[in-house]
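Dropping the structure in here first, questions after.
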Amino acid sequence: MEQSTNKENSKCTCKCKRRRNIIIIVAIIVVAAVFALTTPNRGSHKKAITQEIENAITKAAQARGLTEQQLGDIGQATKNGMTHVYLENTLKVDNYLFFNLATIDRNNNAEPMSLGILGQVIILRAQDINYGINRALDIEDRLLDE
């Protein structure tokens, strides 16, 4: 009797382990599929970077007490699609199945700009964008003062 009970327990244990392993494998496949299917496209990266640039321009204008119309050339160029043209020519998105990375080619150097994962685009260089906008506005201010 004890032997048959032990055999039944070992069969149950094997079946339970097998079932658990199958559930784990299916869960891993489902999670991998979710990551792969929700990777943002190139357009999502362009939109997020453009929005970040526009936000930086708005913040810079507010810090200087200016309206966007008073920003001059840099504000108008951005609003008129200059950012779109620039990104169209320089933005490259490398896909790595579960995520992707957008880079901008500057002086033959690929600089990472954003990371796309689970349907979201995360801007990696927001400080650089803010610095560039403020620097451009400072140069424009100096030119107008001369």
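If you plug each phi of region 119-136 into the Karplus form 6.51 cos²θ - 1.76 cosθ + 1.60 with θ = phi - 60°, what whole-Hz ³J(HN,Hα) values come out, in order, with x for Gly and Pro?
Karplus-based 3J(HN,Hα) across region 119-136 equals x, 10, 10, 10, 6, 8, 10, 4, 5, 5, 5, 4, 4, x, 5, 4, 5, 5 Hz.
I would also like to ask the following. What order, most packed first, do the peptides 41-51, 83-93 have when packing is the mean number of other Cβ atoms within 10 Å of each residue?
Numbers: 41-51: 16.9, 83-93: 14.6.
The packing order, highest mean first, is 41-51, 83-93.
With Cβ to Cβ distances under 12 Å as the rule, what net charge do the other residues near E52 carry (K, R +1; D, E -1)?
On the way: positive: K46, K47, K59, R125; negative: E54, D128.
Value of the local net charge: +2.
No lab work stands behind these numbers, since they all come straight from the coordinates. Worth saying up front: this structure is predicted, and the values here are computed from it rather than measured. For neighbour counting, all protein chains shown are included, and Cβ atoms are generated from backbone atoms with ideal geometry for every residue, glycine included.
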